[in-house]
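S.K.: What follows is a structure written as structure tokens; I'll ask about it next.
The values are calculated or read from the model by the stated rules, or taken from the named source; none is laboratory data. If you're wondering where the values come from, they're calculated on a predicted model, not measured in any experiment. Reconstructed Cβ throughout: ideal geometry from the backbone, glycine too, with neighbour counts over all protein chains shown. These area figures cover heavy atoms from the full protein model, side chains too; ligands, DNA and RNA do not enter into them. Shrake-Rupley method; radii C 1.70, N 1.55, O 1.52, S 1.80 Å.
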Amino acid sequence: MSGIIISGKELAQEKRIEMKQQVDTLKQKGITPGLAVILVGEDPASQTYVRAKQRACEQTGIHSEIDEVSPSITEAELLEKINVLNDAKHIHGILVQLPLPEHISEKKVIETIHPDKDVDGFHPINIGRMMTGQEGFLPCTPFGIVEMIKSKGIEIQGKHAVIVGRSNIVGKPVGQLLLNENATVTYCHSRTKNMQEYTKSADILVVAVGKPHFIDADDVKDGAIVIDVGIHRNEEGKLIGDVLFDNVKEVASYISPVPGGVGPMTITMLLHNTVVSANRRLK
Ligand code: NAP
């Protein structure tokens, strides 16, 4: 058996075409969705992510503003910039690219962004809303993963979902979203004993461990749905994931690739949240 590819790239493209139409409709009503991004410092990976977000905004007609600030900015100065954006009428989404320099508290930055403009879905209020099934903003990577699974008509209800990784931005929220879809959820992490027992019992296996090729075919049940969140560059400069794709695709029923899997969907859900925020303003 060779698993069906869940292409995040193709799904993202379809969603961006739909989104452009929504943006055009909003513009006819006098509102252009606006996303503000603050990039602190010159980390090359962060710069690449921010450029990709900017290109995606251009593609869909969303107004974007990037404020590239020196890594020596003080925490107070950064919080003040966020407060200015909180009050800016033309901005519907605010994103501060992580990671931040050590002298700036990520927690304070996230909590300063107004929850109604927190299109990354990291603010504790939005996390609480997600946990209690209220309307808010869902974190983009987990949101994109659920959309990828649903795009193939896969029923999540009643399935055993195993999440490898429990970070606040990926592992924990993706488990919560799958629970909201009535999956039975198990989390694995660095202290999990006999991890293979869990991964091999997964109908849906989401791998967000941050270790290249961590999951091989003998960790996966025949017919499982496998979503690879990891992004790494190997020695040849090629992008690879946390899953050994060539082996695992032989046992999985569905599998997401790297590149072209979760990554493009993360950006697309950020745009989606920005458009939703603009629509809410209209109402
Ligand atoms: P993270 O914060 O480093 O979390 C990694 C998780 O894996 C932790 O919960 C850790 O457990 C667990 N872990 C580490 N070693 C383990 C082991 N040997 N066995 C079992 N669990 C282990 O990473 P993250 O931010 O969630 O990101 C994970 C990967 O996804 C990275 O490659 C990142 O670049 C990528 N990513 C991609 C996107 C995208 O859009 N495609 C978005 C975000 C992240 P403990 O909690 O016990 O330490």
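S.K.: Within region 217-226, is there a residue that is within 9 Å of the ligand (Cβ to nearest atom) and open to solvent by 10 Å² or more (accessible area, probe 1.4 Å)?
M.R.: Step one: of region 217-226, the residues within 9 Å of the ligand (Cβ to nearest atom) are none.
Checked region 217-226: no residue is within 9 Å of the ligand (Cβ to nearest atom) and open to solvent by 10 Å² or more (accessible area, probe 1.4 Å).
S.K.: Can you tell me which residue within region 99-110, out of those that are touching a helix residue (DSSP H, G or I) at 6+ places or on another chain (Cβ under 7 Å) and in a helix (DSSP H, G or I), is surrounded by the most Cβ atoms within 10 Å (Cβ to Cβ)? Can you show your working first?
M.R.: Just the residues of region 99-110 that are touching a helix residue (DSSP H, G or I) at 6+ places or on another chain (Cβ under 7 Å), to begin with: 100, 103-105, 108-109.
Those left that are additionally in a helix (DSSP H, G or I): 108-109.
Working: 108: 14, 109: 20.
The residue in question is 109.
S.K.: Sort out which residues of region 82-98 are surrounded by 20 or more Cβ atoms within 10 Å (Cβ to Cβ) and either in contact with a helix residue (DSSP H, G or I) (Cβ under 6 Å, 6 or more places away or on another chain) or more than 14 Å from residue 34 (Cα to Cα) (or both), and write them in order of number. Walk me through how you get there before you give the answer.
M.R.: Residues of region 82-98 that are surrounded by 20 or more Cβ atoms within 10 Å (Cβ to Cβ), as a first pass: 82, 85, 91-97.
Matches in region 82-98: 82, 91, 92, 93, 94, 96, 97.
S.K.: Between a residue in region 208-229 that is free of Cβ contacts under 8 Å to residues at least 24 places away in the same chain and any residue that is part of a loop (DSSP other than H, G, I, E, B) and more than 15 Å from the ligand (Cβ to nearest atom), which pairs come within a Cβ distance under 9 Å, given they are 6 or more apart or on different chains?
M.R.: 218/251
S.K.: So is residue 196 open to solvent by 50 Å² or more (accessible area, probe 1.4 Å), over 15 Å from the mean Cα position of the chain (by Cα) and within 14 Å of the ligand (Cβ to nearest atom) or not?
M.R.: Values: open to solvent by 50 Å² or more (accessible area, probe 1.4 Å): yes; over 15 Å from the mean Cα position of the chain (by Cα): yes; within 14 Å of the ligand (Cβ to nearest atom): yes.
Criteria met by residue 196.
S.K.: In addition: Within region 263-283, work out how many residues are within 16 Å of the ligand (Cβ to nearest atom) and open to solvent by less than 10 Å² (accessible area, probe 1.4 Å). Break it down stepwise before answering.
M.R.: We begin by selecting, within region 263-283, every residue within 16 Å of the ligand (Cβ to nearest atom); these are 263-273.
When the remaining residues are screened for being open to solvent by less than 10 Å² (accessible area, probe 1.4 Å), the result is 265, 268-271, 273.
Number of matching residues: 6.
S.K.: Please go through region 230-283 and give me each residue that is outside any helix (DSSP H, G or I), in contact with a Lys or Arg (Cβ under 7 Å, 6 or more places away or on another chain) and either in contact (Cβ under 8 Å) with a residue 40 or more places away in the chain or of a type in the set (Ser, Thr, Tyr) (or both), ordered by number.
M.R.: Result: 242, 254, 255, 260.
S.K.: Just checking, which of 158, 136, 128 is within 24 Å of residue 225 (Cα to Cα), among the small types (Gly, Ala, Ser) and at pLDDT 95 or above? Working first, answer last.
M.R.: Working: 136 fails: within 24 Å of residue 225 (Cα to Cα); 128 fails: within 24 Å of residue 225 (Cα to Cα).
After ruling out the rest, the residue left standing is 158.
S.K.: Is there any pair linking a residue in region 8-19 that is in a helix (DSSP H, G or I) and open to solvent by 100 Å² or more (accessible area, probe 1.4 Å) to one that is modelled with pLDDT of 95 or more and not charged (D, E, K, R), with Cβ under 8 Å and at least six apart or on different chains, and which?
M.R.: Hits for this filter: 9/259; 9/260; 9/261; 9/264.
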